[in-house]
1. Per DSSP H run of at least 4 residues, take -39500 (n - 2.57); add these up for the chain, divide by its residues and hand me the 222 nm value, nearest 500 deg cm²/dmol.
2. On C-alpha positions alone, give me the angle between the axis of helix 2-11 and the longest principal axis of the chain, in degrees, nearest 10.
3. Roughly what would the spin-label model give for Asn236 and Ala275, points 7 Å off Cα along C-beta, in nm?
4. Please work out the FRET efficiency for the pair Val43 and Asn297, using the Cβ-Cβ distance as r and a Förster radius of 51 Å; give the result to the nearest 0.05.
5. Determine one quarter of the surface area of the Cα convex hull of segment 74-115, which equals its mean projected area, and express it in nm² to one decimal.
6. Once the other residues with Cβ under 12 Å from the Cβ of Gln110 are scored (Lys, Arg +1; Asp, Glu -1), what is the net sum?
7. Set the Förster radius R0 to 45 Å, insert the Cβ-Cβ distance between Ser131 and Ser248 as r into 1/(1 + (r/R0)^6), and round the FRET efficiency to 0.05.
8. Using a basic spin-label model with each label point 7 Å from the Cα along Cα→Cβ, how many nm lie between Glu159 and Leu282?
Amino acid sequence: MRRTFLSTLLLASTAFAQEYIDTFTYPAGTVVPGYTEQRGDWVVLPSGQVQSNVATTFQELTLDGVTDQDCCVETVAIYDMAAPQLMYTGPIARHNGAGATATYFMIKLQDNGAPNDGFDSYWVYYYNGASFQFVASGSNGTISPPTTQARVRLQVIEESGNVRVQIFIDTDMDGKWDITNEWLSTIGVGSSGNVGINGYRNAIADDFKYFNGTLYLADRPVIGTSVRLLGRATPNTIYQGVCSLGRSTGIPLAANRAIPVDFDPLFQVSVSTPAVFQFAGLTTSSGDFTLNFNIPNVPQLNGITVWSSAVTLTTTPFGFVDITPDVEINFTNV
C-alpha cells in the first residue's frame, strides 16, 4: 500500500478531488465568481476577502456545483474593526432551498453588542426555513477574550437517525483548536445541500475550505493505548490515512486542492508502519472507515501534537476521490 499511495501522491497532482480551498483572490466588486448569493448581498474586498452587506438581514453565500450531506466546511471569520457593531459570520452546510425558506446547519461567530470589540460568542443552529433552532442544549458559548479573527470549522455527519454536529474554533489563529464541541441532534436528519458562508451586517470571511470526506477522533489519545479515527467517504473505495507533525503547508494537488497535512518524516512512517498505523483498507458500503492508531508507550510524547487526515483513491488511473479535514491529536499520559 505504501508504494501505491506514495506513487499516487506524486503522479496524481492534477487529479480531481472534491476538497476545495478558496482564498477569494478575485477582482474586487459585487460578484463572487463561482458562488450564489442565496440571501443578502456580498462583495469581494480589495484585500481578497468576502463581506456581507451592512444591512440587518440574514445572508448566505453558497459554493456552486456542490451538494453534500456528510462533509466539513471551514472559513476564517474576521471582525470589521472599521465599523464595529453587532455582526456575525461562519460556515454553513446542507443548505437546501432558496431565500428565507432555505434550510441549513450553521456556526456563527458573533459580536453580541457593546463593547463592540470583536467576536465574543459562538452559536450553532439549524435554520428550518422559518427560524433558528439550537442543534442541542448548550450549543452556544462565550469567546473570552473576544477575537477579531478566528478559524471556524463545522462538520456534519449522518448517524442512525441523528446528525453528529461538530465545531472547532481557533480563536488566536495559532493553528490549534481552542474551542471544540459536538452534539448528536435529531434536527435536520436526512437533509443535504450546498456549503458556504453565513453573514450578518458587515462581517468578513476568508480562506473558505470544503472537505467531502469526514474524519474525527473517537477516543482520548492516551499514550500506550490504541485510538480510533472514524471517517466517512465514498463507499467501497480504497482509503489511506496519514499522520504528520504539522499542517502549515499541506500537500498541493490540483488548483484549489490539497491534502491538509505536511509531507514530513512522520507522514512517510504513517503509510509504511502498520504495526502502529493501521490506516489502510476499503470503505464500507455506507462509506465508513476506521483508522486505528497504536500510540507508542513513550512518556516523552506527553503534550506533543500531531495531525491526521485520510484520502480515498483509485489506482487505475491514479487519482484522489475524497479528502478529509485534518484532525488534531494531542497526546496525553492520563
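1. Working: 2 runs with 16 residues, N = 334.
Mean residue ellipticity, 222 nm, calculated: -1500 deg cm²/dmol.
2. 50 degrees
3. Modelled inter-label distance: 3.6 nm.
4. Values: r = 54 Å, r/R0 = 1.07.
Efficiency, rounded to the nearest 0.05: 0.40.
5. Numbers: hull surface 15.2 nm².
With the hull built on Cα positions only, its mean projection is 3.8 nm².
6. Around Gln110, the charge tally is 0.
7. Details: r = 41 Å, r/R0 = 0.90.
Once rounded, the FRET efficiency stands at 0.65.
8. So the two model labels end up 2.6 nm from each other.
Taken together, the values in this text are just the output of simple stated rules run on the coordinates, not laboratory data. The structure presented is a predicted model; accordingly, all values stated were derived computationally and were not measured. Please note: Cβ atoms are built from the backbone with ideal geometry, for glycine as well, and neighbour counts cover all protein chains shown.
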